[in-house]
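Have a look at the structure below, then the notes.
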Amino acid sequence: MKIFVTGGSGYLGNAVIGALLNHGHTVRALARSEHAARAVRALGAEPVHGGLTALGVLNEAAAHAEAVIHLAQAESGDEDLAAATAIQDGIGAGTYLHTGGTWVYGDTGGVVDEDAPWNPPALVAWRRPVEDAVLARAARGGRPVVIRPGLLYGGDNRLIDVFFTRPGKQAGAIAHIGDGSQHWALVHVEDLAELYVAALRARPGSVYAGVGGVNPTSRECAEAISRGVGLGGKTVSVTLEQARAAMGDIADAFALDQQLTPARARDELGWVPARTDPLALFAQG
């Protein structure tokens, strides 16, 4: 297929472009700078010059594609909705994969699936009206699919590093919030990339949790990373207030207790995560 990707020069975008090319697809990728253009070109994709607010560029690129994968992080709900609207207008009856996130569920109170009620922290509360509008296109002949990734790890620039390299670093230990008993719904970036490829054949209106099926506690993650960086498993507890001071509002998302299952994507798409031992990877450093 001819696929247009936004956010292709980013952490997840690199993995998704690689997976698409490995499966025989051709890729054009949005590039808001010459540096981004060189990055996607090096991956084997053709750059499309423009940013997420260049709605005409998005619309035209989508119109010349058979599917679109929207990975770029918007600055606001209004920006994301405008971009999604321009892309969906362009792609028409072609497949449109929209990226959300599992943080919208808040504390899950055990293992849940995609139908769990929303209880998002303020950081991601804007996602609801965007996703509702995206999915509504299914009733009008569109082929929208939403993927809600969990907390990514693997490779470079892991979001998880934002947490582990800030609060507690000065103490020679890896931090966790409170007692660290909150679970994290982790997914390896390369596994998640394969989910995007698989979702190209999903039914319109489908929603998938992009999670690896392993939900360790943040303390277990901290201990493993501590061993991996030569701190012998040493960890330190910080309060939520301390975490907020170190990293901002995203601390509230890291404090969530989340456990999710990838069963729907397995049953409907045949997607089975291959990397199911994140703690062993963390401990390797």
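What follows draws every value from the coordinates through simple rules; no lab data is involved. What you are looking at is a predicted structure, and each value in this text was computed from that prediction instead of being measured. Cβ atoms come from the backbone with ideal geometry, glycine included; neighbour counts cover every protein chain shown.
Given R0 = 41 Å, the distance between the Cβ atoms of A63 and K234 translates into a calculated FRET efficiency of 0.15. Annotation: the antiparallel percentage among DSSP beta bridges lying fully within the chain is about 5.
Between E46 and A283, the modelled labels are 4.8 nm apart [label points 7 Å from Cα along Cα→Cβ].
The H on the amide N of V5, modeled in the peptide plane, is under 5 Å from the matching H of R28, A29, L30, I69, each at least 5 residues off or on a different chain. Using the Cα atoms of the chain to build a convex hull, what is its mean projected area in square nanometres? That works out to 13.9 nm².
Report the calculated FRET efficiency for M1 and R140 (r = Cβ-Cβ distance, R0 = 22 Å), to the nearest 0.05. So the FRET efficiency works out to roughly 0.50.
Short-range pairs are left out: with C-alpha atoms under 8 Å and at least six residues apart, the relative contact order of the chain is 18 percent.
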